[in-house]
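**Student:** Quick one: the structure is below, questions incoming.
The values are calculated or read from the model by the stated rules, or taken from the named source; none is laboratory data. All values reported here derive from a predicted model rather than from experimental measurement. Using ideal geometry, Cβ is built from the backbone for each residue, glycine included, and neighbour counts are taken over all protein chains shown.
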C-alpha cells in the first residue's frame, strides 16, 4: 500500500473526507459507490465499486454472442475500464482505462455511431488503433438513470458499415445488461 502522508479525522457522524487529489487520481466522482473491506491487521480499504463488474463472466459471454452474431469486435466497459472483449486482442483492450471521450459519451446517455466518413472515437485512454477503426457503435448502459458503462462494437475492416441492425443489437445489449444489474 502506498502512503500519501495525508491524515483525516472522522467527524461526529463517522464520516471521512477523501482528499481531492486522491479522488482526482482514482477518478472517484460524487455519487460513486465504494466497497469497504477490512483486513486482519485492522486496515480499512476502500475500493471503487463497479456494478457491471459484478457481471464480469456474463458480460464476457454477451460479448462472445455479439461477436458471433455480427463478426465485429465487441467490448463492454464499466465507467473506467474495458471489462470484456470478444473478437479482438484482449491484451490491447481488456482492463485498459477508457478514454475521456468514451467516458463523456457514456455520461451523455446517447448512442454513438461512426462509419468510414466520420471521425472514430478513442475507446481506450492510449488507443493505438484510432486510425484503424472503420466503423463503431457505442451504446451506454444506464441503470436507474445513471450511466454505468457501455457496449461497443468496432470494426477495422475497410468497407465495414454499422447500420441500423448493429445499433439495435448494441442498444439491446446495453438494455439487457442494465436489467440484469437491477435484478
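**Student:** Evaluate segment 70-83: report whether one residue or more is under 11 Å from the mean Cα position of the chain (by Cα), touching a residue at least 24 places away in the same chain (Cβ under 8 Å) and within 14 Å of residue 136 (Cα to Cα).
**Tutor:** Checking segment 70-83: at least one residue is under 11 Å from the mean Cα position of the chain (by Cα), touching a residue at least 24 places away in the same chain (Cβ under 8 Å) and within 14 Å of residue 136 (Cα to Cα).
**Student:** Here is a follow-up. Just give me the residues in segment 61-78 being part of a helix (DSSP H, G or I) and out of contact with any helix residue (DSSP H, G or I) (no Cβ under 8 Å at 6 or more places or on another chain), in sequence order. Walk me through it before giving the result.
**Tutor:** First, the residues of segment 61-78 that are part of a helix (DSSP H, G or I): 61-70.
Of everything in segment 61-78, those that are part of a helix (DSSP H, G or I) and out of contact with any helix residue (DSSP H, G or I) (no Cβ under 8 Å at 6 or more places or on another chain) turn out to be 61, 63, 64, 65, 67, 68.
**Student:** Moving on. Restricting attention to segment 45-60, which residues are at pLDDT 80 or above and assigned to a helix (DSSP H, G or I)?
**Tutor:** Residues satisfying the conditions are 57, 58, 59, 60.
**Student:** Across segment 79-88, what is the number of residues that are at pLDDT 90 or above and part of a loop (DSSP other than H, G, I, E, B)?
**Tutor:** Counting residues in segment 79-88 that are at pLDDT 90 or above and part of a loop (DSSP other than H, G, I, E, B) gives 1.
**Student:** Mind checking which residues of segment 168-183 are surrounded by fewer than 17 Cβ atoms within 10 Å (Cβ to Cβ), touching a strand residue (DSSP E or B) at 6+ places or on another chain (Cβ under 8 Å) and more than 24 Å from residue 31 (Cβ to Cβ)?
**Tutor:** Passing the criteria: only 171.
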